[in-house]
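For reference, the structure is listed below as structure tokens.
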């Protein structure tokens, strides 16, 4: 089973069962954000977590096996047209250099890891309109001189 086939099977089963990513993550025992990324094909799971995920969705060992395979992290390099995803491109376009300047000022010359990394998405209720809170938490990796 390919990662694309796995993704389709998972999304169809999740929809059929009316499950949320949070509920599925609770059944697996990992964060909803990481589980979603793995189910969409951009990360892999341990065998135990993959089996728990497939079982919770009523899917077979072929899906569990595909979940454990290392991903090829590629995506369409064109700017997305989905409004929500596009806004993240817009945020990086407008604030990317600001983030770079502030990170370099506070940490020095380096990058934020996307490997030693976690992400949290939460809802902040507000009478003027609910807020989306996205926290990206990556280890700082300084550039080395040699």
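Some observations on this one:
- In this label model, residue 73 and residue 144 are separated by 1.9 nm, measuring between points 7 Å along each Cα→Cβ vector.
- In the chain, the longest principal axis of the Cα atoms and the axis of helix 3-17 are about 70 degrees apart.
- The stretch 57-146 shape via C-alpha gyration tensor axes, a/c threshold 1.5: oblate
- Using a cutoff of 8 angstrom between alpha carbon atoms and counting only pairs six or more residues apart, the relative contact order for the chain works out to 18 percent.
- The fewest-to-most ranking of 67, 11 by surrounding Cβ atoms within 10 Å reads 11, 67.
- Here the gap between residue 126 and residue 17, fully extended at 0.36 nm per residue and compared with their Cα-Cα distance, gives a gain of 36.2 nm.
- Separation of the stretch 1-42 and the stretch 71-105, taken as the distance between their Cα centroids, equals 24 angstrom.
- Per residue, the average separation of C-alpha pairs within less than 8 Å and at least 6 apart gives the stretch 83-142 a relative contact order of 32 percent.
- Tensor-based shape of the stretch 3-68 (alpha-carbon gyration tensor, a/c under 1.5 rounded, otherwise prolate or oblate): rounded
- Cα gyration tensor, the stretch 29-100 - rounded (a/c under 1.5), prolate or oblate: prolate
- Length gained on full extension, residue 95 to residue 81: 3.1 nm, using 0.36 nm per residue less the C-alpha separation.
Every number in this text was worked out from the coordinates using simple rules, so none of it is lab data. The shown structure was predicted, so the numbers you read here are calculated from the model rather than taken from an experiment. In this analysis, Cβ positions are derived from the backbone assuming ideal geometry, glycine residues included, and neighbour counts consider all displayed protein chains.
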